Amino acid sequence: MRLALHGANPAEWLALRLGLVPTAAAQAWAGMGLSGIVVAAVRTGVTERLAQGPATVAELVGELGLEPVPTQLMLHCLRSFGHVSCSAGVYRLSRSSRRWLDPRSDLSVSRYIAGTADYWDWWSGLDEVTRTGKVSVSHDAVADDPYWRRYIYGQLDLARLSAREVARKIRLPASATSLLDVGGGHGWYSAEICQRHPKLTATVLDLPGSAAIGREIIAAAGMSDRVRHRDGDATLDDLGSGYDAVLCFNLVHHLTAGHIVTLFGRIRESLSPGGTLAVMDAFAEPARGASAAANFLAMFVYLSSGAQVHTPAELRIWLRKAGFTRPPRRIRMLRIPGQAIYLVRK
Ligand SMILES: C[S@@+](CC[C@H](N)C(=O)[O-])C[C@H]1O[C@@H](n2cnc3c(N)ncnc32)[C@H](O)[C@@H]1O
């Protein structure tokens with residue numbers, strides 16, 4: 001995937017081709033604006049209200065307690081992004097955006113978008129981080145910081161996009177009874193896997209701030225009898241034992257190489273003979289090629305936790321060092337391009 005400027009007409013297209021556009025200026029100026037407008041449209045309730053039905057600016061202003069001028073300007077921008085359409089002064093959420101922006105949709109990413117406002121401070125500190133190498137680690141927030149709610153509900157939105165596919169692709173024996181989900185946050189992947197395996201129950205081990213929100217999410221889904229959250233630090237605390245499978249999803253990009261090898265080794269010990277470790281993450285070669293998404297993700301991961309995106313080759317080495325003798329099987333995820341699940345058996 002590439003993030004790029006596109007000409008809106010032949011003259012603009014030609015100017016871009018001829019190198020007449022200061023693209024760096026456009027990136028600096030418009031990148032912030034794009035984010036700001038979409039985040040504000042979600043956080044002010046504009047997209048949610050339009051998902052319920054068409055509305056004029058006056059109706060949006062009256063119902064949501066907004067100011068007319070910025071509301072109108074925001075709608076113009078949303079229209080040019082393709083998120084809303086307008087006919088005779090009445091705005092509608094566009095069909096293509098409804099599935100992502102209507103909070104009632106199973107594919108909604110509204111809570112994720114709202115949570116991305118937390119990233120603005122991180123990005124604005126990037127020059128200082130580049131000078132000093134000092135990042136403020138997001139997972140160090142105190143357990144009752146409202147950050148965890150925004151973060152974990154945002155992660156839940158993303159997980160809902162792929163959880164069925166993940167649960168289908170991780171095949172466990174019908175006799176499987178116990179699953180550990182390390183850094184499982186919301187617990188949604190565990191819940192989907194438990195739905196497919198009637199005898200299975202899951203333990204989600206996560207930091208207290210995440211686990212508190214995960215418990216709430218699982219209780220609301222009526223799954224608390226099958227998915228249990230345990231407060232803990234996976235790099236320090238006992239993992240338990242006798243698991244048929246362990247999930248380690250989107251955690252290792254927060255950890256250093258040393259921590260990962262030790263964690264994989266402890267996971268191996270916690271598995272029953274023949275048990276499965278499933279690692280899902282964005283393993284990429286950031287420096288290679290022009291994959292803006294991989295490079296962007298690598299920068300973001302460093303900024304948010306001081307860690308790095310790892311490569312598939314590193315993962316294989318770490319698994320071997322941790323005692324998994326057979327190489328992992330790689331399963332591509334259709335719902336999350338760039339991500340894959342790596343399965344190894346004890
Ligand atoms: C990006 S989220 C991934 C959540 C979920 N596994 C998923 O794939 O959607 C990373 C999770 O790892 C958790 N985490 C980070 N460091 C951890 C640690 N040392 N021990 C346990 N959990 C940790 C975070 O609290 C968060 O819930």
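The values are calculated or read from the model by the stated rules, or taken from the named source; none is laboratory data. These figures come from a predicted structure and were not determined experimentally. Cβ: placed from backbone, ideal geometry, glycine included. Neighbour counts: every protein chain shown.
Brief remarks follow.
- The one condition in (1) more than 12 Å from the ligand (Cβ to nearest atom); (2) more than 23 Å from TYR119 (Cα to Cα) that ASN295 fails to fulfil: (2)
- Answer from ARG164, ARG160 - the residue that is within 16 Å of the chain's Cα centre (by Cα), in the same structural domain as ARG228 (by TED's automatic domain parsing), within 10 Å of the ligand (Cβ to nearest atom) and closer than 19 Å to LEU334 by Cα: ARG160
- Of ARG111, ARG150, all but one fail to be within 15 Å of the ligand (Cβ to nearest atom), under 18 Å from the mean Cα position of the chain (by Cα), of a type outside the set (A, V, I, L, M) and not assigned by TED's automatic domain parsing to the domain that holds LEU303; the exception is ARG111.
- Checking the stated criteria, ARG171 turns out to be within 17 Å of ALA278 (Cβ to Cβ) and free of Cβ contacts under 8 Å to residues at least 40 places away in the same chain.
- Within the stretch 109-160, the set of residues being surrounded by 13 or more Cβ atoms within 10 Å (Cβ to Cβ) and among the charged types (D, E, K, R) comprises ARG111, ASP118, ASP145, ARG149, ARG150, ASP157, ARG160.
- When residues of the stretch 200-255 are limited to those that are near the ligand (Cβ under 10 Å from one of its atoms) and among the β-branched types (Val, Ile, Thr), the one surrounded by the fewest Cβ atoms within 10 Å (Cβ to Cβ): THR235
- Sole exception among (1) surrounded by fewer than 20 Cβ atoms within 10 Å (Cβ to Cβ); (2) within 19 Å of ARG345 (Cα to Cα); (3) within 13 Å of the ligand (Cβ to nearest atom) for ARG268, by number: (3)
- Highlighted here are the helices (runs of 4 or more DSSP H) found entirely within the stretch 1-105 that include at least 1 residues which are farther than 24 Å from TRP123 by Cα and touching a Leu at 6+ places or on another chain (Cβ under 7 Å): 10-17, 46-52, 57-64, 68-81, 95-101.
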